[in-house]
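Take a look at the structure below.
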Amino acid sequence: MTTLPLTPASADHGRLNCGYFERGECRSCALIETPYGQQITDKESWCRETLAEAAPRIWLPTFASGVRDFRNRAKLAVGGSARHITLGILDQEFHGVDLRDCGIQAPAIRTVIPVLADFLDGTGLEPYDVSARRGELKFVHVTAAPSGELMIRFVVRTQHGLDVLRSRKGPLSELVPDASVVSVNLLPEHKAVLEGSREEMFRGESLRMNLDRVDLHLRPQSFFQTNTAVAIGLYNQVAEWVHAVEASNLWDLYCGVGGFALYCASPSRLVTGVEVSEQAIESAKVSAAELGIDARFLAGDATGFAEANLAASTGVERPDCVIVNPPRRGIGARLSAALENSGVEHIVYSSCNAVSLAKDLARMPAYEVAQARIFDMFPHTKHLEVAVLLQRR
């Protein structure tokens, strides 16, 4: 395979030269030929236009990313044939395109992909054929922590594939000693999804994501931002806002593994995190215990929790600041209404979809946007993360 280094010339102009894109083999990074500075300018213009009706009082400078080596998780489709597999994407005809030298992946991920490909070749297992609906190997997910430790997850179709991989987990451990977590996920259905419900752990339980001042614990089904450096910038910005408004009772809704809650915790602040995933909540509790943080993490629906507890006229449940970090669909009408009528002084809203953010802000006219900031979590694409600090009028 051809290695795709970032040349000094392309670095000077904020570009990433990619042979896969030039040959038309992968177009996932649709903006890769646009200089990075221009990507940022275009995103700022689009985001400001999208949030124009919300009229943020202050736009802070965009938190930019590097142009390469930034992605901490690879979701690799398995293609090719038995003993000649590819790891990357499937083209329009569902043929495998090998992307083992992809320049946006963290170096630790690029290093381990050929090792995993050779290992899977040695199993003799057939890649899953989407058109024929047969075969075993569907995906390989690899997550890299800043320490270089890895979480590796194989997604297979049947018990046979799981049994074959289980019989070879000893050699796999020798091949990838940096993998602190290895698991196999069973996805028997023919669905356009990345995982099934059954998971068997081969090694470890969670990947320690060592950030600048908080260690998070990621399990195979945990969500974490795909750009570690920008995620740290986002966590620190939100913590700065929460400290500035002197919040004494903080809720972190859709808290995941607890990133915002743990960054914002302090001895004088009551912190409560709510997340529907029980695994994520258990991970957040582990991190809090390691840090000596007295935070409460609850497994449950964020909207239901807010509706039940914001409706109380008094009591320790009522926060003076709420963080929301919803999926792309946003917080929706119910949670927007609960917050609008709550009397909560400040809200921090972190969004990966400025369009749904704008809709939610329009549902909460009692709040004004005091500050806004873009975090370029996804270079070379149109996607972005934007966080806003809301203050009750």
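The values are calculated or read from the model by the stated rules, or taken from the named source; none is laboratory data. Owing to the predicted nature of the structure, the values given are computational and were not obtained by experimental measurement. Every residue, glycine among them, receives a Cβ derived from its backbone with ideal geometry; neighbour counts consider all protein chains shown. Note: accessible area is taken over every heavy atom of the protein model, side chains too, but ligands, DNA and RNA are not part of it. Shrake-Rupley method; radii C 1.70, N 1.55, O 1.52, S 1.80 Å.
Result for the chain in a Gaussian network model with C-alpha springs under 10 Å: among ILE109, ILE58, ILE347, the largest mean-square fluctuation is at ILE58. Could you work out the percent of alpha carbon pairs in region 268-393 separated by over 19 Å, rounded to a whole number? Beyond 19 Å sits 53 percent of the P(r) for region 268-393.
Remark: region 169-184, residue by residue, has Karplus-estimated 3J(HN,Hα) of 6, x, x, 4, 4, 6, 6, 10, x, 7, 7, 7, 9, 9, 8, 10 Hz, where x stands for each Gly or Pro and the curve is 6.51 cos²θ - 1.76 cosθ + 1.60 at θ = phi - 60°. From the alpha carbon centroid of region 310-377 to that of region 90-164 is 38 Å.
Sorting the segments 148-156, 122-130 by their residues' average number of neighbouring beta-carbon atoms within 10 angstrom, most packed first, yields 148-156, 122-130.
For the chain, modelled as a GNM with alpha-carbon contacts under 10 angstrom, which of ALA288, ALA54, ALA333 fluctuates the most? The residue that fluctuates most here is ALA333.
Projected over every direction and averaged, the convex hull enclosing the alpha-carbon atoms of region 254-300 yields 2.6 nm².
For the residue pairs LYS359/LYS382; LYS285/LYS382; LYS75/LYS169; LYS169/LYS382; LYS43/LYS285; LYS43/LYS191, the alpha carbons lie more than 30 Å apart in LYS285/LYS382; LYS169/LYS382; LYS43/LYS285; LYS43/LYS191. Taking the chain as a Gaussian network, where each spring joins two C-alpha atoms under 10 Å apart, which residue of VAL115, VAL181, VAL78 fluctuates the most? Maximum among the listed residues: VAL115. The GluC sites (Glu not before Pro) of region 157-196 meeting both criteria, a DSSP state outside H, G, I, E and B (loop) and at most 11 other C-beta atoms within 10 angstrom of the site's C-beta, are GLU189. Taking θ as phi - 60° and the Karplus parameters 6.51, -1.76 and 1.60, the scalar couplings of region 281-297 work out to 5, 4, 5, 4, 5, 4, 4, 4, 5, 4, 8, x, 9, 8, 10, 10, 10 Hz in sequence order, x denoting glycine and proline. Shown in residue order for region 108-119 are the 3J(HN,Hα) couplings computed by the Karplus curve 6.51 cos²θ - 1.76 cosθ + 1.60 at θ = phi - 60°: 4, 6, 4, 5, 8, 4, x, 5, 5, 4, 5, 4 Hz (x for Gly and Pro). The trypsin sites (Lys or Arg not before Pro) of region 201-253 meeting both criteria, a DSSP state outside H, G, I, E and B (loop) and at most 16 other C-beta atoms within 10 angstrom of the site's C-beta, are ARG213. For region 338-385, the fraction of alpha-carbon pairs lying more than 12 Å apart is 67 percent, rounded to a whole number.
With R₀ fixed at 51 Å, the C-beta to C-beta distance from ARG328 to HIS160 puts the FRET efficiency at about 0.90. Ligands, DNA and RNA aside, GLU22 has an accessible area near 130 Å² when probed at 1.4 Å. The alpha carbon radius of gyration of region 216-255, expressed as a multiple of 2.2 N^0.38 Å, is 1.38. Note that the chain presents 43 Å² accessible area per residue, ligands and nucleic acids not counted, probe 1.4 Å. Measuring spread by the Cα atoms of region 12-69 yields a radius of gyration and Dmax of 14.4, 45 Å. With the simple model of a label 7 Å out from the Cα in the direction of the Cβ, TRP46 to TRP59 spans 1.4 nm. The residues neighbouring LEU270, those whose beta-carbon lies less than 14 Å from its own, together hold a net charge of -2 under the Lys/Arg +1, Asp/Glu -1 convention. Counting only alpha carbon atoms, the long axis of helix 36-50 and the longest principal axis of the chain meet at about 40°. Here the chain was treated as a single set of alpha-carbon atoms; its pair distances binned every 20 Å from 0 give 26, 54, 19, 0 percent. In the chain, the DSSP-assigned H stretches of four residues or longer account for a calculated mean residue ellipticity at 222 nm of -9000 deg cm²/dmol, using -39500 (n - 2.57) per stretch and the full residue count as denominator.
The overall shape of region 85-186 is oblate: from the C-alpha gyration tensor, with semi-axes ordered a ≥ b ≥ c, the ratio a/c is 1.5 or greater and a/b is no larger than b/c. Using a 1.4 angstrom probe on heavy atoms only, work out the carbon and sulfur share of the accessible area of the chain in %. Carbon and sulfur together cover 51 percent of it.
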